[in-house]
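Participant: Input: one structure, supplied below.
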Amino acid sequence: MSAAARHAVAEAGPPLLAVSYNIRKAMGTDGRRDPARVLDVLAEIGPDVVVLQEADRRFGERASVLPADLIAAYGFRSVPVAAHDASLGWRGNAILVSRRVAVLRYRTLPLPSIEPRGAVFAELAFGGRLFRVVGMHLDLSGLMRRRQLAIVLERMAAEPGELPTLVMGDLNAWRQAAFADLARGLHPVPLGPSFPSRLPLGRLDRIYVNDLVRVIEAGVHGSARARVASDHLPVWLRLGLAGRPER
């Protein structure tokens, strides 16, 4: 990290709390689909930004599993990345933000796979600072997963401006070594296992950040409710944002 980058991180703005959560279409480990329970888990954490995976049903019009009025009742709004009116996300990937976060720009990115996969990008503002979030749910196949990561990294490199960046999602690999390509220029945030939720063994849910993010603390939210709400536990990061102030 350059001296300028170190100074910028030292001057990072107010702490922001970000979460990544594969909600498994709101289907709990008890076999019940309960959207309110998913949002109750998020309320336990109190995040400013949430990246969701499996936020829409898989077939038909791919309707959101989280009703819009319920999302609003919990103090969130969605970044409008959905391709269909009934959906919340793009190929299941969604971004929710609290009232403290402004949405400036967003875009979607299709990824090659046998089943629909994609990534979502959002440029946001918090506490007078701009930052970028990338959310994704990658393939189970190692070869396909590497191709998907290459496309995401190419798109990230083409994004305008150098901003604090969070890359979050269910990356579907148990070993850190599978993300050597992603680790070039980004840093893995240390997190514990988050899958399966009742007895976590796998670190499938991961967060990466660039040099303009100051990691304060991070972890896995393993409350009793979270262990039932989905087969994944949410992972979280409290951070400071350096870089360009909002104009």
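Read-outs: derived from the displayed coordinates by stated rules, not from any lab. Bear in mind that the values here come from a model prediction, so they are computed numbers and not experimental data. Cβ coordinates were reconstructed from backbone atoms using ideal geometry, including for glycine residues, and neighbour counts include every protein chain displayed.
Participant: Put +1 on the Cβ of each Lys and Arg and -1 on the Cβ of each Asp and Glu in the range 117-247; which of 166, 180, 204 then has its Cα farthest toward the positive end of the dipole?
Facilitator: Among 166, 180, 204, the one farthest towards the positive end of the dipole of the range 117-247 is 204.
Participant: What angle, in degrees between 0 and 90 and rounded to the nearest 10, separates the Cα long axis of helix 35-45 from the longest principal axis of the Cα atoms of the chain?
Facilitator: So the helix axis and the longest Cα principal axis differ by about 30 degrees.
Participant: Have a look at 103, 49, 219 and report the one farthest towards the positive end of the charge dipole of the chain, computed about the Cα centre with Cβ charges (Lys/Arg +1, Asp/Glu -1).
Facilitator: Of the candidates, 219 comes out farthest on the positive side.
Participant: I've got another one for you. Among 90-99, 32-41, how do they line up from the highest to the lowest mean number of other beta-carbon atoms within 10 Å?
Facilitator: Going by the mean number of other Cβ atoms within 10 Å, highest first, we get 90-99, 32-41.
Participant: Something else: Measuring from label point to label point, each 7 Å out along Cα→Cβ, what is the residue 99 to residue 238 span in nm?
Facilitator: 2.2
Participant: Sum up the charges of everything whose Cβ sits under 13 Å from the Cβ of residue 235, counting Lys and Arg as +1 and Asp and Glu as -1, but leave residue 235 out.
Facilitator: Taking every Cβ under 13 Å from that of residue 235, the sum is 0.
Participant: Let me ask you something else. So if a site counts as exposed when it's one of the GluC sites (Glu not before Pro), its DSSP state isn't H, G, I, E or B, and it has at most 16 other Cβ atoms within 10 Å, what's the longest stretch of the chain without one?
Facilitator: Longest gap between qualifying sites, sites excluded: 62-161.
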